[in-house]
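A.B. asks: The following block contains the structure, expressed as structure tokens.
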């Protein structure tokens, strides 16, 4: 721990700037991990199956109440927006789906872009500190007194190496965390799209009569009871007009 503190002190302004970016990145990672892995998590299959049972029984209000009980989950929010338009036509239901998705999707990716920026900026600040350290080292070789040359040269090289190490130490974990969080975001978006589409399909098709052979070829028209003409029976004689 003392070596890290000494490294930050030796790095000067660049070291403090990199560590500030690291603290901000850590706070963002913890906040996004909590939201994506815990607050937004829901057992989608169980949730959808329970909703399906309620909708098939025409208990739409109970289904809306069930969604409200899971209001933190984006899937529940989207499905609730769809169910609130269940009494409208198909176009109205699809409009409710689009509106609900537009409300949820920005929250899934909120502040994730800052993590990529922090990783890039930390690397660039480390590179800037490296260049400043090399400049200081070259100046020491060129103009410094022989008694101070070794000291200034070592300080310049130390600044260059320390800032590079600090920048990479912040950038690498932040980029790895960003990759996992971004993957989780995509998974949630696909899950929301899949299960909300199933609910929309259920609402738009629940009033249609299922297809069957009896519906296509009804047996109650009496067509099968019509007598066919006998082949052996001669045709009835026609009456001649007087």
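Coordinate-derived values only; no laboratory data. Just so we're clear, the structure is a prediction, and the values are computed from it rather than from any experiment. Cβ placement follows ideal geometry from the backbone for every residue including glycine, while neighbour counts extend to all protein chains displayed.
A.B. asks: If packing is taken as the average count of other Cβ atoms within 10 Å, what order do 152-161, 43-52 fall into, highest mean first?
C.D. replies: Answer by packing, highest mean first, reads 152-161, 43-52.
A.B. asks: If neighbour count is taken as other Cβ atoms inside 10 Å, put 29, 105 in order from fewest to most.
C.D. replies: On the way: 29 20, 105 17.
Neighbour counts put them in this order, fewest first: 105, 29.
A.B. asks: Evaluate the distance, in nm, between pseudo-label points positioned 7 Å from the Cα of residue 198 and of residue 9 along their respective Cα→Cβ axes.
C.D. replies: 6.0
A.B. asks: Another question, then. Can you figure out the FRET efficiency of residue 62 with residue 186, using R₀ = 35 Å and their beta-carbon distance, to the nearest 0.05?
C.D. replies: Efficiency, from the Cβ-Cβ distance: 0.65.
A.B. asks: Return the distance in nm (one decimal) between the two label points of a simple spin-label model at residue 161 and residue 89, each offset 7 Å from Cα along Cα→Cβ.
C.D. replies: Result: 7.5 nm between the two label points.
A.B. asks: Work out how much length residue 38 to residue 138 would gain on full extension: take 0.36 nm times their residue separation and subtract the Cα-Cα distance, in nm to one decimal.
C.D. replies: 30.7 nm
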